[in-house]
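These notes concern the structure reproduced below.
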Amino acid sequence: MFGEWLLNNPRPDDVDILKVDLPLDVTFETPWRVTRLSRRRVYWPTRPERTALEDVGRMGYGPNTEPGKPEPDSDIYALDIDHCVAVTPMSLDMTSRTDLGRLQALIVPINMQPEEKPDTKV
């Protein structure tokens, strides 16, 4: 099945991780599909319960009570709406896909020399 394929085949380019999420009622017959990683948060961190700052406290997580509608091609939609196994390919290169040269030009104009920096005095 899927696990056997995963062990016996190379990963495609730019796939460093395959995140596999299973619905609570998963069976061998549960359908699966390849998904995108949702930008929606499902859980929020909660404060550790402690009386003093120096006390050891474990961080917890609670469900997002205002989740909104997940993207139709996302892992969250597959799990929560369609009750499918979600297989999400992930890359360790988290660099934005923006044009890096254009971003550089927006941050530091190319024609600005170090001695020409604008006066930042208030």
- Task: Read through the list (1) more than 30 Å from Val26 (Cα to Cα); (2) under 25 Å from the mean Cα position of the chain (by Cα); (3) modelled with pLDDT under 75, then give the number of the only condition that Glu66 fails.
- Result: (1)
- Query: When you look at Arg40, is it surrounded by 10 or more Cβ atoms within 10 Å (Cβ to Cβ), in contact with a helix residue (DSSP H, G or I) (Cβ under 7 Å, 6 or more places away or on another chain) and not in a loop (DSSP other than H, G, I, E, B), yes or no?
  - Reply: no
- Quick count over region 17-37, residues being farther than 15 Å from Ile81 by Cβ and surrounded by fewer than 11 Cβ atoms within 10 Å (Cβ to Cβ), is 3
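Taking the conditions exactly as written (at pLDDT 80 or above and over 19 Å from the mean Cα position of the chain (by Cα)), does Pro48 satisfy them or not?
yes
Whether any residue in region 89-100 is modelled with pLDDT under 85, surrounded by 11 or more Cβ atoms within 10 Å (Cβ to Cβ) and under 23 Å from Leu22 (Cβ atoms) is what I want to check. If you could, list the steps in order and put the result at the bottom.
In the first step, residues of region 89-100 are kept if they are modelled with pLDDT under 85; the result is 94.
Those still in the list that are surrounded by 11 or more Cβ atoms within 10 Å (Cβ to Cβ) too: none.
No, region 89-100 has no match at all.
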- Task: Inspect all residues belonging to region 50-58 and state whether any of them is among the aliphatic types (A, V, I, L, M) and surrounded by 10 or more Cβ atoms within 10 Å (Cβ to Cβ).
- Result: no
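The values are calculated or read from the model by the stated rules, or taken from the named source; none is laboratory data. Predicted model, so just to flag it, every value in this text is computed and none were measured. FYI the Cβ positions are ideal-geometry reconstructions off the backbone, even for glycines, and counts take in every protein chain you see.
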